[in-house]
Protein chains: 4
Amino acid sequence: MKAFKELKRACYEANMELNALNLVIYTFGNVSAVDRDAGVFAIKPSGVPYELLKAEDMVILDYDNRLIEGAMRPSSDTKTHAWLYKNWEDIGGIAHTHATYSVSWAQAQRDIPIFGTTHADHLTQDIPCAPPMSDELIEGNYEHNTGIQITDCFSQRKLDYREVPMVLIGNHGPFTWGKDAAKAVYHSRVLEELAKMAYLTLQINPQAPRLKDALVKKHYDRKHGKDAYYGQN
Amino acid sequence: MKAFKELKRACYEANMELNALNLVIYTFGNVSAVDRDAGVFAIKPSGVPYELLKAEDMVILDYDNRLIEGAMRPSSDTKTHAWLYKNWEDIGGIAHTHATYSVSWAQAQRDIPIFGTTHADHLTQDIPCAPPMSDELIEGNYEHNTGIQITDCFSQRKLDYREVPMVLIGNHGPFTWGKDAAKAVYHSRVLEELAKMAYLTLQINPQAPRLKDALVKKHYDRKHGKDAYYGQN
Amino acid sequence: MKAFKELKRACYEANMELNALNLVIYTFGNVSAVDRDAGVFAIKPSGVPYELLKAEDMVILDYDNRLIEGAMRPSSDTKTHAWLYKNWEDIGGIAHTHATYSVSWAQAQRDIPIFGTTHADHLTQDIPCAPPMSDELIEGNYEHNTGIQITDCFSQRKLDYREVPMVLIGNHGPFTWGKDAAKAVYHSRVLEELAKMAYLTLQINPQAPRLKDALVKKHYDRKHGKDAYYGQN
Amino acid sequence: MKAFKELKRACYEANMELNALNLVIYTFGNVSAVDRDAGVFAIKPSGVPYELLKAEDMVILDYDNRLIEGAMRPSSDTKTHAWLYKNWEDIGGIAHTHATYSVSWAQAQRDIPIFGTTHADHLTQDIPCAPPMSDELIEGNYEHNTGIQITDCFSQRKLDYREVPMVLIGNHGPFTWGKDAAKAVYHSRVLEELAKMAYLTLQINPQAPRLKDALVKKHYDRKHGKDAYYGQN
């Protein structure tokens, strides 16, 4: 269908970028891109090697996981994406990886503390690690429930998904999002760097203090506040 | 002999892939591929640099280490491969590396705990580390006995080689296998990633818990169970 | 303006080198180059991806942050550069990165101890980590005050910026400098290596001793002393 | 002089290989190659970037550091090379690097324990770390005394340089050697890998045991013993 050509292209390019940034090995990751007007999203097909992937292979679904267009089976994590699109209306793209340092924090079941300005340039909070699900939820509609696990985590901690564009699922790995699929991939790359830096920081100084509030605010605001002066816009 | 051309080609390509994936330095690794109908396997010649390696250099042997075809001396680890092919009839290919993180766990003489879903996507058990052999076995038919060490480890722990496609030999390094040589190499790459993630997980949280059973089962089954829904088949 | 063409070119090339050396991801860094005769410096525009950057995009300012030439907004860290040029007259170029190991030490708020001759080849002191600023200074003219934080740190510790060409800002990251922009980038790369080696040294031996004075002096002098015999000049 | 053309070429190529293997940053390393019949060796000129280096730039000296041929100043570590050539007559090439993991063990002032078969494939001993020199020796003929420090370390520990082709100088870094310059570089690469693996092994298991004697002997002999069966010769 011609109408989704651009959406598939954006989704394809974001998936290829995930691979180019070394955030995935083999097919251990997926990116989706949404078209809010049409109420659908494009997502990578499941288990297709990046070197064989083509833009037209992207699968189109609605927020209730109904197949709209596509010959291939969508990513096994599709229902998590759908849930987030359905509930968080300002998201334009979502990325999921098994990147090394991000997954290691998820396996350690620890939030990533905000230790420096690299972190504060992107978000003002520790990066949350949602606890593993109950057995009942795992054995049920697993990927759908993973989405609920994410939104519940944000509700309980009173986090705003527009200000915290990333989460770790305990024992699993990261999901990140943004205004479009490219930005979601950007946040996956940033998260992997923050995860590595935080790991090293604690190795060098197990008592390293959290970044002070004034610096958190200063760095976030100079990039994202109303008087932001970072970048060209 | 023309009949083995395809077998040598598959073996050669898997060896080159091992190198391309940075799982070996110099000649510290080897891959073999079996032809079950002919009852023979092809293996890398010993100590030949990858940039000089050609498909026709692959050496053909039977499961009792009798040379069937080939002008070069086979890998020094050939007898380990032969033993595994002889005893585990569903294996199509075997890979051996000295990859950094895998070897480090082997040197630490520790099983790699199952900490996350990346691990459970591939196997439901901790990755076993077989203990170093007795002096008598080392001084005897060493590489043959290394094969026995592996099969004994699996027997004693009641592990099924079809479900656990990898092992560490204490103080030495990993052997991995699969339905063909390419899959054996794939498992070497996956093992190296799991070894790195498990190392980092324990650095971040020395009390990190093992993955809960419900998640182990869920992730393994969605890729390998009878109702698997990962991938396109 | 034709007069600044060479200055912009030197600044541009140093910024591209920072990227080529993998010291930055995305736009997390900046380099400037000074023209002491003209009393101006060139600096990278804020937030422009390296693949889009052109030499003519470099922004020219004086030491009081007055725009002299350029259509784009300069780096958000410009005022820190300006302060250092104004106060340390022998500096020809300045680099700032968020390189992984350097930032990790900054986040750990620890000086990097001098552990070996690689370090002593470049400087005779521990690499200083300036403490984070007071809230008042952060909320004020932040980037200007960051410059003051650096010069105050050197005054208080009686360090000479000509002999110690690098500093860590606590919770933020490194600034480095040199006789020109290329040398500033060189010092960023050296610092990242020293930061990684010092981290590993402490992991291997938490009681590792500081390099003895005779070796500090010997290595520094053979490269920088009056009878230096390293290199071709 | 035409007679040294081949020697210079071998030296040049080994230096370039050191760089290609990522064992050096900038000019932090050097390789030499000896011509035993002529009683001279070729060595890299001091501080020349690899991208500018040419085979004809190599400097020729005798074992008493007398310049035989060459327009450039030789490596600042030349006297260490000369001493080793003079005293250890079976050495054909020497390499010195500041490779990350090797230097970190040197800075930690610890021998690298033999933990596995990767190590035993190359040498049967822990990799010795010579202690830093006395102040008197450092302030004297420093690089010459570094050579003495190495040969003294081997004498005191009753090590044979033909069986242990590598050493760490405390607080400085590694020297490695071999039958020719290429083999010396090979040993630098192997050492860096052993250093990384030993570091990780101790992180995973601080009580990791030394490799048992039977395995040390088995692996060394299958590669270097009189009935060696590794490789094609």
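The values are calculated or read from the model by the stated rules, or taken from the named source; none is laboratory data. Since the model is a prediction, treat every value here as computed from it, not as a measurement. Cβ atoms come from the backbone with ideal geometry, glycine included; neighbour counts cover every protein chain shown. Only protein heavy atoms, including side chains, enter the accessible area calculation; ligands, DNA and RNA are left aside. Shrake-Rupley method; radii C 1.70, N 1.55, O 1.52, S 1.80 Å.
A few comments on the model shown:
- Hey, residue A:151 under 29 Å from residue B:114 (Cα atoms), within 11 Å of chain B (Cβ to nearest Cβ), in contact (Cβ under 8 Å) with a residue 40 or more places away in the chain and among the β-branched types (Val, Ile, Thr) or not: no
- Residues located in the stretch C:201-233, provided they are closer than 21 Å to residue C:164 by Cβ and of a type in the set (Asp, Glu): C:213, C:221
- Of all residues making up the stretch C:59-90, the number that are away from chain A (no Cβ under 14 Å) and either over 28 Å from residue C:153 (Cβ atoms) or open to solvent by 10 Å² or more (accessible area, probe 1.4 Å) (or both): 13
- Residues in the stretch D:9-21 that are touching a residue at least 24 places away in the same chain (Cβ under 8 Å) and open to solvent by 20 Å² or more (accessible area, probe 1.4 Å): 8 in all.
- Sole exception among (1) part of a loop (DSSP other than H, G, I, E, B); (2) within 14 Å of chain D (Cβ to nearest Cβ); (3) open to solvent by less than 30 Å² (accessible area, probe 1.4 Å) for residue B:161, by number: (2)
- For the stretch A:118-149, filtering for residues that are part of a helix (DSSP H, G or I), buried (at least 24 other Cβ atoms within 10 Å of the Cβ) and β-branched (Val, Ile, Thr) leaves 1.
- Here residue B:166 clears all of (1) aliphatic (A, V, I, L, M); (2) touching a strand residue (DSSP E or B) at 6+ places or on another chain (Cβ under 8 Å); (3) touching a residue at least 60 places away in the same chain (Cβ under 8 Å) except the condition numbered (3).
- Any chance residue C:25 is among the β-branched types (Val, Ile, Thr) and either in contact with a strand residue (DSSP E or B) (Cβ under 7 Å, 6 or more places away or on another chain) or away from chain A (no Cβ under 13 Å) (or both): no
- Residue under evaluation residue D:171, criteria (1) at positive phi; (2) without any contact (Cβ under 8 Å) to a residue 24 or more places away in the chain, criterion not met: (2)
- Residues of the stretch D:204-222 satisfying the condition of being open to solvent by less than 40 Å² (accessible area, probe 1.4 Å) and either basic (Lys, Arg) or at the interface with chain B (Cβ under 7 Å from one of its Cβ atoms) (or both): D:204, D:205, D:208, D:211, D:214, D:215, D:222
- Residues (farther than 15 Å from residue C:121 by Cα, within 14 Å of chain A (Cβ to nearest Cβ) and over 10 Å from the mean Cα position of the chain (by Cα)) located in the stretch C:164-197: C:169, C:170, C:171, C:172, C:196
Residue-wise test of (1) more than 21 Å from residue A:161 (Cβ to Cβ); (2) out of contact with any Asp or Glu (no Cβ under 9 Å at 6 or more places or on another chain).
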site	(1), (2)
A:4	yes, no
A:8	yes, no
A:11	no, yes
A:41	no, no
A:44	yes, no
A:48	yes, no
A:57	yes, yes
A:88	no, yes
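- Taking the stretch B:164-192 as the range and being acidic (Asp, Glu) and either open to solvent by less than 10 Å² (accessible area, probe 1.4 Å) or within 21 Å of residue D:117 (Cα to Cα) (or both) as the test, only B:192 passes.
- Those residues of the stretch B:91-110 which are touching a Ser or Thr at 6+ places or on another chain (Cβ under 7 Å) and either more than 9 Å from chain D (Cβ to nearest Cβ) or over 23 Å from residue B:126 (Cα atoms) (or both), in sequence order: B:93, B:94, B:95, B:97, B:99
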